[in-house]
1. Only residues in segment 156-175 that are under 16 Å from Ala89 (Cβ atoms) count as the first member; pair them with residues that are exposed (fewer than 12 other Cβ atoms within 10 Å of the Cβ), Cβ under 8 angstrom, at least 6 apart or cross-chain, and list the lot.
2. Among the residues of segment 157-174, count how many are open to solvent by less than 40 Å² (accessible area, probe 1.4 Å), in a loop (DSSP other than H, G, I, E, B) and within 15 Å of Thr136 (Cβ to Cβ).
3. Which members of segment 17-57 meet the condition of being aliphatic (A, V, I, L, M), assigned to a loop (DSSP other than H, G, I, E, B) and open to solvent by 50 Å² or more (accessible area, probe 1.4 Å)?
4. Checking the condition in a loop (DSSP other than H, G, I, E, B) and either of a type in the set (A, V, I, L, M, F, W, C) or within 30 Å of Thr195 (Cα to Cα) (or both), which residue from Glu86, Glu111, Glu104 passes?
5. Output the residues belonging to segment 199-221 that are touching a residue at least 40 places away in the same chain (Cβ under 8 Å) and of a type outside the set (Phe, Trp, Tyr).
6. Any chance segment 121-134 includes a residue that's surrounded by 15 or more Cβ atoms within 10 Å (Cβ to Cβ), of a type in the set (Ser, Thr, Tyr) and either within 27 Å of Thr195 (Cβ to Cβ) or touching a helix residue (DSSP H, G or I) at 6+ places or on another chain (Cβ under 9 Å) (or both)?
7. Which residue is farthest from Phe177 (Cα to Cα), if the candidates are limited to segment 142-156 and must be open to solvent by 50 Å² or more (accessible area, probe 1.4 Å) and part of a strand (DSSP E or B)?
8. Sort out which residues of segment 213-227 are more than 14 Å from Phe127 (Cα to Cα), of a type outside the set (S, T, N, Q) and assigned to a strand (DSSP E or B), and write them in order of number.
Amino acid sequence: YYFKENPTFNADTKTYTYKLYDEFIKTMIDYVPIDIIYPCTLKAYFDTLLHSLNLTTNIVSLPNGDYELVKDIYSGINFTFRSVIEDIAQANGILLQINGTQVEICNLGTEAVKINDDILRNENIDFGQHYGPINTIVLSRAGGSDKIAYPAGIEEDRVSFTITDNQLMNGNDRDVFLPAIYDKLNGVEYDIYDTELIGYGGFKPLQKVEFESDGKIYTSYVFNNQEKFTDGYAESI
């Protein structure tokens with residue numbers, strides 16, 4: 001992480017607020033066509049896209065990496081490079097992180113960090129609904145229109161993960177993406193939660209966490225993480 005701008009000062013609390021950014025902030029620039037010959041595979045396009053941004057990757061293959069792009073679908077539609085990268089991640093059912101200048105896949109944690117009431121101290125903890133296990137992937141075009149689901153035919157007990165208006169998956173062949181995304185996300189389940197931990201910290205994206213509170217156990221993953229350094233240290237996840 002690095003500082004991109006000057007801190008802001010709060011005169012009432014006499015504190016400074018700093019914002020730190022990772023290297024992905026450098027991809028928040030207007031997309032321009034990259035130097036590649038079409039048709040090409042989505043994996044080749046992804047590699048060339050990163051290279052054009054002076055980024056590398058240790059990703060050897062993508063679940064939908066063999067999909068063939070016949071033309072540049074992002075030119076002239078006011079996308080940023082980051083938006084294109086997000087589309088590619090969605091189309092492969094993955095979350096991407098950056099380590100230095102290397103783009104990597106975040107995987108769902110398998111070994112949980114256990115947090116109990118001794119750490120929580122019964123403060124600042126809010127558990128929402130239990131979600132999952134996911135058993136259906138849904139694609140929709142702009143505004144939630146023209147939805148297609150995989151597997152088809154499931155009506156009762158359907159728990160959907162929906163991707164909306166992904167430029168890669170807006171064509172007439174969008175159904176070809178669904179099986180691989182389904183294989184990545186089928187069966188995932190988690191409890192929605194929001195908590196602040198004082199003096200704890202160090203969570204990674206998709207870190208598995210297990211909360212034990214009031215005799216109940218909740219299992220989830222870290223999707224959002226905000227760290228605060230004031231007189232001490234706090235982490236909101």
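1. These pairs meet every condition: Thr164/Ala142; Thr164/Gly144; Asp165/Ala142; Asp165/Gly143; Gln167/Ile77.
2. Final tally of qualifying residues: 1.
3. Filtering segment 17-57 down to residues aliphatic (A, V, I, L, M) leaves 20, 25, 28-29, 32, 34, 36-37, 42, 44, 49-50, 53, 55.
If we keep only those that are assigned to a loop (DSSP other than H, G, I, E, B) too, we end up with 28-29, 32, 34, 36-37, 53, 55.
Scanning segment 17-57 gives Met28, Ile29, Val32, Ile37.
4. On the way: Glu86 fails: in a loop (DSSP other than H, G, I, E, B); Glu104 fails: in a loop (DSSP other than H, G, I, E, B).
Of the residues listed, the single one that is in a loop (DSSP other than H, G, I, E, B) and either of a type in the set (A, V, I, L, M, F, W, C) or within 30 Å of Thr195 (Cα to Cα) (or both) is Glu111.
5. Step one: list which residues in segment 199-221 are touching a residue at least 40 places away in the same chain (Cβ under 8 Å), which gives 200, 203-214, 218-219, 221.
Of everything in segment 199-221, those that are touching a residue at least 40 places away in the same chain (Cβ under 8 Å) and of a type outside the set (Phe, Trp, Tyr) turn out to be Lys204, Pro205, Leu206, Gln207, Lys208, Val209, Glu210, Glu212, Ser213, Asp214, Thr219.
6. No, because not a single residue in segment 121-134 is surrounded by 15 or more Cβ atoms within 10 Å (Cβ to Cβ), of a type in the set (Ser, Thr, Tyr) and either within 27 Å of Thr195 (Cβ to Cβ) or touching a helix residue (DSSP H, G or I) at 6+ places or on another chain (Cβ under 9 Å) (or both).
7. Looking at the filtered set, the residue picked out is Ser145.
8. Within segment 213-227, the subset more than 14 Å from Phe127 (Cα to Cα) is 223-227.
Then keep just the ones that are of a type outside the set (S, T, N, Q); that gives 223, 227.
Passing the criteria: only Glu227.
The values are calculated or read from the model by the stated rules, or taken from the named source; none is laboratory data. Owing to the predicted nature of the structure, the values given are computational and were not obtained by experimental measurement. Don't worry about glycine lacking a Cβ; one is built from the backbone with ideal geometry, like all the others, and counts go over all protein chains shown. Heads up: the accessible areas ignore ligands, DNA and RNA and are worked out on the full protein's heavy atoms, side chains in. Shrake-Rupley method; radii C 1.70, N 1.55, O 1.52, S 1.80 Å.
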